[in-house]
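The values are calculated or read from the model by the stated rules, or taken from the named source; none is laboratory data. Fair warning: this is a prediction, and the values are worked out from it, not measured in the lab. A quick note on method: Cβ atoms are made from the backbone with ideal geometry, for glycine too, and the neighbour counts reach across all protein chains shown. With ligands, DNA and RNA removed, areas are computed over all heavy atoms of the protein, side chains included. Shrake-Rupley method; radii C 1.70, N 1.55, O 1.52, S 1.80 Å.
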Amino acid sequence: MLRSIEPKDLVSPVPNTAIVRTEPVQQRSAERINVLLDAAAVLLDEIGIDALTTSEVAKRSRSSVGVIYRYFPNIQSLLRGLASRNFDKYRAGLSATLAKRATTGLEALNAAIDLYVEFCRTEPGFRVLSFGNIIDRRFNVDRKSNNTALAEILTDLLVTTYKVPASDALAFDIEVTVEIADSLLERAFLYDPRGEEPFIDKLREFIAQLLAPHTKEAVTA
């Protein structure tokens, strides 16, 4: 179950220490990592992922390449760190959003779409990198794909918070939903930085249809 948002969630989370070269023990190290990730995020929007280098990140963050290599062995590792932070920020934001807006499972999934769209529009680098599928289909933790990890979170949320009956069919349908959402939202933002609404609307229609049998069961149970 997603935890409620805490004041500390308002600070950019430090990426999983398994991704960085050395574990940040002091607050100064944690802040430096976030400065490097912030610089990389802005550069993703400006020059794209293919042109991003450690030298560019060092210049933008007013650091040195040596500082970057202290925490990240290469640019791919730095991008994975940013993707991990994106995932953590999205999960924390979703917890806060659902607490205020969602009363049903369908509302919860629509809120998840709304938040993802908002991140694509406002969060530096998110539209390019998202949760890192473009560089690595798997997290370092538990060897699960990004989409599988998100599907498990959403399934647990539907069952524990919105009382949708747990089943293998539900878990499967939510993973299918996440995979389709990944493709449709990527296409929605491919040419338009604000997102093409027809693709987003079609995703909402699909989710409503896929979830309907499970929520009907919840109502009649």
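Here LYS202 is the anchor, and no lysines lie within straight C-alpha reach of less than 21 Å, apart from those fewer than 8 places off in the same chain.
In order along the stretch 51-63, the phi-based Karplus estimate (6.51 cos²θ - 1.76 cosθ + 1.60, θ = phi - 60°) of 3J(HN,Hα) comes to 8, 6, 9, 5, 5, 5, 5, 4, 5, 5, 8, 6, 10 Hz; Gly and Pro are listed as x.
Computed with a 1.4 Å probe over protein heavy atoms only, the accessible surface of the stretch 25-127 comes to 47 Å² per residue.
Taking 0.36 nm per intervening residue step and subtracting the Cα-Cα distance, what contour gain separates SER183 from LYS202 on full extension?
Numbers: separation 19, 0.36 × 19 = 6.84 nm, distance 1.19 nm.
Contour length minus Cα-Cα distance gives 5.6 nm.
Over the stretch 77-221, what is the mean sequence separation of C-alpha contacts under 8 Å (at least six apart), divided by residue count, expressed as relative contact order in percent? Rounded, it is 23 percent for the stretch 77-221. Counting only residues at least eight positions apart within a chain, or on another chain, the lysines with an alpha carbon under 21 Å from that of LYS216 are LYS163.
Taking label positions 7 Å along the Cα-Cβ direction at both VAL176 and THR53, the computed distance is 4.7 nm, reported to one decimal. Given their separation in residues at 0.36 nm each and the Cα-Cα distance between them, LYS216 and ILE135 gain 25.3 nm when the chain is fully extended.
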